[in-house]
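J.: My structure is below; once you've seen it, I'll send some questions.
The values are calculated or read from the model by the stated rules, or taken from the named source; none is laboratory data. A quick note: this is a predicted structure, and the numbers were derived from the prediction, not measured. Here Cβ is always computed from backbone atoms with ideal geometry, including for glycine, and neighbour counts include all displayed protein chains.
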Amino acid sequence: MLTWNEKQPKLAEKLGLQNLYFKREDLHPYGSHKGRSIPKMIDNYESRGYRHFAISSSGNAAIAAALYIGERNTLGEKKIFLDVLIGNKVNKIKKRNLQELSDEYIRVEQTMRPLQKLFEYLKIPSVKSLRQSTDDTALRGYYELARELCEIPDLNSVFIPTSSGTTAEALGEQFAKLGKNIEIHAIQTTACHPISGDFDKNGSVNSPSIADAIVDKIVHRKEKVLEIIRKSGGRGWTANDNEIRSAQKVVKECSGLDISANSALSVAGLIKAKKSGKNWTGSVLCLITGK
């Protein structure tokens, strides 16, 4: 197991829950839950002959790709190339981390329109995209995560910070295959809420957010994710900055952890769910997605 299912008894008591767990994907060797999927995508397409990849990413997916490819390049004779395209509003810490990972094989380019730039790269037949939002290969890496979550006794519900919906879709599919009835809750921000806005009408105002990894406003997976959420008995939640900061604060007080704003979305969504009257007799899990 790469990361841990951590029980949070103090936070559970504070929130009035029977059992609460964190899935600590921030401890993943590749920096976040994206490390589940991106390496499998690279391996899959490398086996088909691709050795040049490109990715448009707000941070975590690109970092996972750069770490994995850097690791592979130190071990193999045939080098793999990666072009990372980041926007002008990218998180400064993640930008610095990416620049530190760059070398002659891993190139980082900042541009006003990273997705449009990605499409230009893809006109070259030898270049393969690592865009998870439109590639079902990306789902496979999260199946292992689903199996690990099912090890939690009497798991009732999972709260997931959500951008493209890839993780939510993969977990929902795998839970169903494993015969598990587990609620899927997708949490988004006031800056980007195409999924949560279908549920959380009052919370879906348009304003900037400190959770800067939630950026997919088109959401090609939307209808599938909405179907999975509704069938599971879950829903979507939109968290504002005050709710995100409050979640960070209560986690620090009860667990001693400094979690990122993006990870805190899961806790913020859980708190909103509790305030709305939701309750569970079994275990609830918050996905701590990354740093």
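J.: Return the residue satisfying two criteria in turn: it lies in the range 5-62 and is of a type in the set (D, E, K, R) and within 17 Å of the chain's Cα centre (by Cα), and of such residues it is nearest to residue 282 (Cα to Cα).
T.: Looking at the filtered set, the residue picked out is 23.
J.: Do the conditions hold for residue 168, that is, is it modelled with pLDDT under 95, in the same structural domain as residue 22 (by TED's automatic domain parsing) and crowded, with 19+ Cβ neighbours inside 10 Å?
T.: Considered against the rule, which asks whether it is modelled with pLDDT under 95, in the same structural domain as residue 22 (by TED's automatic domain parsing) and crowded, with 19+ Cβ neighbours inside 10 Å, residue 168 comes out as no.
J.: State whether one or more residues within the range 142-165 are within 16 Å of the chain's Cα centre (by Cα) and surrounded by fewer than 15 Cβ atoms within 10 Å (Cβ to Cβ).
T.: Among the residues of the range 142-165, not one is within 16 Å of the chain's Cα centre (by Cα) and surrounded by fewer than 15 Cβ atoms within 10 Å (Cβ to Cβ), which makes the answer no.
J.: Please find, among 25, 46, 109, the residue that is touching a residue at least 24 places away in the same chain (Cβ under 8 Å) and in the same structural domain as residue 209 (by TED's automatic domain parsing).
T.: When all the criteria are applied, what remains is 25.
J.: Quickly run through the range 276-291 and pick out the residues that are more than 11 Å from residue 160 (Cα to Cα) and assigned to a strand (DSSP E or B).
T.: 283, 284, 290
J.: Please go through (1) out of contact with any Pro (no Cβ under 6 Å at 6 or more places or on another chain); (2) within 18 Å of residue 214 (Cα to Cα) for residue 85 and return the number of the only condition it doesn't satisfy.
T.: Every listed condition holds for residue 85 apart from (1).
J.: Assuming residue 210 fulfils every condition listed in (1) touching a Ser or Thr at 6+ places or on another chain (Cβ under 9 Å); (2) buried (at least 24 other Cβ atoms within 10 Å of the Cβ) apart from one, which condition is it?
T.: Condition (2) is where residue 210 drops out.
J.: Say whether the condition of being crowded, with 22+ Cβ neighbours inside 10 Å, touching a residue at least 24 places away in the same chain (Cβ under 8 Å) and closer than 20 Å to residue 267 by Cα is met by at least one residue in the range 216-224.
T.: There is no residue in the range 216-224 that is crowded, with 22+ Cβ neighbours inside 10 Å, touching a residue at least 24 places away in the same chain (Cβ under 8 Å) and closer than 20 Å to residue 267 by Cα.
J.: Has the range 196-206 got at least one residue that is in the same structural domain as residue 164 (by TED's automatic domain parsing), out of contact with any strand residue (DSSP E or B) (no Cβ under 8 Å at 6 or more places or on another chain), buried (at least 18 other Cβ atoms within 10 Å of the Cβ) and over 23 Å from residue 151 (Cα atoms)?
T.: no
J.: Residues that are aliphatic (A, V, I, L, M), at least 2 per element: which strands (runs of 3 or more DSSP E) completely within the range 64-148 meet that?
T.: So the answer is 81-86, 106-110.
J.: From (1) touching a residue at least 12 places away in the same chain (Cβ under 8 Å); (2) outside any helix (DSSP H, G or I), pick out the condition that doesn't hold for residue 273.
T.: Residue 273 satisfies every listed condition except (2).
J.: Okay, next question. Cβ-Cβ distance below 6 Å, separation of 6 or more or different chains: which pairs start in the range 238-254 with a residue that is closer than 16 Å to residue 16 by Cβ and end on one that is assigned to a helix (DSSP H, G or I)?
T.: Filtered contacts from the range 238-254: 247/264; 247/267; 247/268; 251/267; 254/10; 254/11; 254/14.
J.: Still on this model: What pairs come out if I take residues in the range 178-190 that are under 26 Å from residue 262 (Cα atoms) and small (Gly, Ala, Ser) and pair them with residues that are modelled with pLDDT of 95 or more and assigned to a strand (DSSP E or B) whose C-beta lies under 6 Å away, six or more apart or interchain?
T.: If the second residue must be modelled with pLDDT of 95 or more and assigned to a strand (DSSP E or B), the pairs left are 186/160; 186/236.
J.: Within the range 1-21, restricting attention to residues that are modelled with pLDDT of 95 or more and in a loop (DSSP other than H, G, I, E, B), which residue is nearest to residue 251 (Cα to Cα)?
T.: 8
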